[in-house]
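**Student:** Pasting a structure below so you can have a look.
The values are calculated or read from the model by the stated rules, or taken from the named source; none is laboratory data. Since the model is a prediction, treat every value here as computed from it, not as a measurement. Every residue, glycine among them, receives a Cβ derived from its backbone with ideal geometry; neighbour counts consider all protein chains shown. Side chains included, ligands, DNA and RNA excluded: accessible areas come from the protein's heavy atoms. Shrake-Rupley method; radii C 1.70, N 1.55, O 1.52, S 1.80 Å.
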Amino acid sequence: MKTLLFPSESSLVAACCLGNPRAQRQLYEQLAPRMLALCLRYLPQRADAEEALLKGFGKVFRALPQYRHEGPLAGWVRRIMVNTALAALRRQPPRLLELDGCYRELAPVAAQAETTLAAADLLRLVQALPAGYRTVFNLFAIEGYTHPEIAERLGISEGTSKSQLSKARAMLQRQLTPLTLAPSYPHTLLAHAA
């Protein structure tokens, strides 16, 4: 196990604010795996997600002096990463941001075990959703944003947000139906819609 040079969050943040490269490296190594997973939910191409991750950490280090310690640092960084991933999505060709994208049939993903769906399999299903569905699903079901917040953030109506979430859930449920799942598993994540 690696010894932390900065054992407390406040000492780590203070050292990062002073430009200490060891502190910056420690912060990056602590948060990068979770933040890359977050970026991959919005940007399924690994190269795009890694680029968003690096840009996001650049923003984190520039904005760190404004961090007010009013909540966990990881939550503050997460919000920056979501915004960075959404900005990267907006920079992609418009056809990828089409919110009423076609219903394409997705090949069912086989479950890892006979009775459970592995997280990686579920991530693949979410990544295969059309960009608009995937974005709204991630913001609502995973990040916890409300429909008014999603509408404002994406520049769409609240009704469009609800519609996209409903369509994303329907597509995911169609893909999960043929899989052998534990009795309550699909209801936990997919039944979270408003």
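**Student:** Considering only segment 28-36, I want to know if a residue exists there that is under 15 Å from ILE80 (Cα atoms) and in contact with a Gly (Cβ under 9 Å, 6 or more places away or on another chain).
**Tutor:** yes
Table: residues versus (1) open to solvent by 80 Å² or more (accessible area, probe 1.4 Å); (2) within 20 Å of the chain's Cα centre (by Cα); (3) modelled with pLDDT of 95 or more.
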position: LEU12; (1), (2), (3): no, no, no
position: LEU31; (1), (2), (3): no, yes, yes
position: MET35; (1), (2), (3): no, yes, yes
position: LEU43; (1), (2), (3): no, yes, no
position: GLU51; (1), (2), (3): yes, yes, yes
position: LEU64; (1), (2), (3): no, no, yes
position: ILE80; (1), (2), (3): no, yes, yes
position: LEU97; (1), (2), (3): no, yes, no
position: CYS102; (1), (2), (3): yes, no, no
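**Student:** Regarding segment 128-138, can at least one residue be identified that is modelled with pLDDT under 50 and of a type in the set (Lys, Arg)?
**Tutor:** Scanning segment 128-138, I find no residue that is modelled with pLDDT under 50 and of a type in the set (Lys, Arg), so the answer is no.
**Student:** Next up: Which one is modelled with the highest pLDDT, of the residues in segment 139-153 that are over 14 Å from the mean Cα position of the chain (by Cα) and open to solvent by less than 50 Å² (accessible area, probe 1.4 Å)?
**Tutor:** The residue in question is HIS147.
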